[in-house]
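I have placed the structure first, in the form of structure tokens, so that the comments after it can refer back to it.
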Amino acid sequence: MTTLQISHLSAGYGNRPILRDVSLTVNAGEVVALVGPNGAGKSTLIRVVSGVVAARAGEVRLDEVDLLRIKSMARARLVAVVSQMIHLPVHASWLNQVEIYFSVVQRKLITPDDFADTDELARQITAFEKRYNQAARPFDWRFSRNDLNHLLNRLAA
């Protein structure tokens, strides 16, 4: 069973602490909602787990893997976050949008040393754009409000 274990996690921005000694366990199949007022640390917690923000203390483990100690490429294979503020082409399918959002540029998985020069970087980005444009398909949303209500009723039963 897959388990996300957050233990004694602290994080913040600059001199401003946001998370202090946060602990949480989420088991496979559980649905968890992070609820709280603006500034409570919900987004910061997600950013630390996904590696966008560095932790000041604590542990984040996915089963036996310490997500705070592995390289970003390895973490990207295990953890993905879909933001509520995605500004992507409306003609793209959800899969295409996820692909774009979690591209190497957005996830900051590349470093200046990964490319010999800016021309090589430009070629890589252009190749990604070309591949995206070939794969993009119009999105056809078929999940209705009735479907949602039916699903919620099944989950509540």
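List of remarks:
This table checks each residue for (1) among the aliphatic types (A, V, I, L, M); (2) within 20 Å of I70 (Cβ to Cβ); (3) in contact (Cβ under 8 Å) with a residue 24 or more places away in the chain.
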residue	(1), (2), (3)
H8	no, yes, yes
R20	no, no, no
L24	yes, yes, no
A33	yes, no, no
P37	no, no, no
K42	no, no, no
A54	yes, yes, yes
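- Strands (runs of 3 or more DSSP E) completely within segment 1-67 that count 3 or more residues being polar (S, T, N, Q) and out of contact with any Cys (no Cβ under 9 Å at 6 or more places or on another chain): 3-13, 16-27
- Subset of segment 43-73 (residues that are under 17 Å from the mean Cα position of the chain (by Cα), of a type outside the set (A, V, I, L, M, F, W, C) and closer than 15 Å to V26 by Cβ): S50, R61
- Matching residues, segment 2-47, being surrounded by fewer than 12 Cβ atoms within 10 Å (Cβ to Cβ) and within 22 Å of A80 (Cβ to Cβ): T2, N27, A28, G29, E30, V31, V32, A33, L34, V35
- Screening segment 56-76 for residues that are closer than 16 Å to I46 by Cα and of a type in the set (D, E, K, R) and picking the one that is surrounded by the most Cβ atoms within 10 Å (Cβ to Cβ) gives R75.
- When residues of segment 68-96 are limited to those that are assigned to a loop (DSSP other than H, G, I, E, B) and among the basic types (K, R), the one modelled with the lowest pLDDT: K71
The values are calculated or read from the model by the stated rules, or taken from the named source; none is laboratory data. Source: prediction; values computed, not measured. Neighbour counts are summed over all protein chains in view; Cβ atoms, including those assigned to glycine, are modelled from backbone coordinates with ideal geometry.
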